[in-house]
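What follows is a single structure, written as structure tokens, with notes after it.
The values are calculated or read from the model by the stated rules, or taken from the named source; none is laboratory data. Fair warning: this is a prediction, and the values are worked out from it, not measured in the lab. Ideal geometry is used to build each Cβ from the backbone, glycine not excepted, and the neighbour counts take in all protein chains shown.
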């Protein structure tokens, strides 16, 4: 196969592993900086141009689009889809997962366990919003935040109200969620490839930090999931329409609750923690599924 790897930095661990795994299985893989692509949006003759050359002959595309470049990155991916190139994750599915509010609404619709979450625009209802999620402490999240950035713990009603009102005053969209105290700063990541969980780890936050992100000094250990946790992770992935995802869950008193469905999950933490060859399994998935024009959405929706 000839595979396009959409990435701004092919030297990152995850991208190097994907390149190595593809080449080891006899495939050609080409890193493409999606921000340097431009498109010819012509009826029935869509093209992607890169360094002045039309991109042709690709069988599959692996999107590794940074959250800060979602809009343009998905435009490039849609163009590949319209050209009949099979995407590891489709543009529509990535768009769903990147919109935190839409993601939670879709998960709720499909009955996936979630922390109680409130969303409001009216600043006069701040007290009601805090009460809706069970009262302080509450977790306040920016809709655009990633890797634990833009996540604040309002430990008291007064501090939570101040933070919420400050964000609203700056016209920044936020979610307010219940604080799952029993998780004790730990979460679980289930790495899903094609309706199968291939690796799992438990992440623990740095001392004094309720966030468990490895980028913020957290640690990870391998963990065994319960049957309900497995079902929840697979259901969340299916709800988004993703072929590959990292599903982040907390163990709450009322069962597993999904915090995020990551459509471009990093490989370093999960591979080094579990010793699983996740990169090879991603390439194997493409070998089994990549066919011309097999994209469900064909770049629409």
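When you look at residue 36, is it more than 18 Å from the chain's Cα centre (by Cα) and in the same structural domain as residue 264 (by TED's automatic domain parsing), yes or no? So residue 36 fails the test. Selection of the range 138-167 for residues being more than 23 Å from residue 97 (Cα to Cα) and buried (at least 17 other Cβ atoms within 10 Å of the Cβ) yields 154, 160, 161, 163, 164.
Out of 17, 8, which single residue is closer than 15 Å to residue 282 by Cβ and in contact (Cβ under 8 Å) with a residue 40 or more places away in the chain?
17
Would a scan of the range 171-189 turn up a residue that is loosely packed, with under 14 Cβ neighbours inside 10 Å, in the same structural domain as residue 240 (by TED's automatic domain parsing), under 30 Å from residue 272 (Cα atoms) and touching a helix residue (DSSP H, G or I) at 6+ places or on another chain (Cβ under 9 Å)? No, the conditions are met nowhere in the range 171-189. Taking the range 277-292 as the range and being assigned to a helix (DSSP H, G or I) and either modelled with pLDDT under 95 or crowded, with 16+ Cβ neighbours inside 10 Å (or both) as the test, the residues that pass are 278, 279, 280, 281, 282, 283, 285, 286. Beta carbons closer than 6 Å, at least 6 apart along the sequence or on distinct chains, pair a first residue in the range 126-151 that is not assigned by TED's automatic domain parsing to the domain that holds residue 69 with a second that is modelled with pLDDT under 80 and crowded, with 19+ Cβ neighbours inside 10 Å for 147/213; 148/211; 148/213; 151/211.
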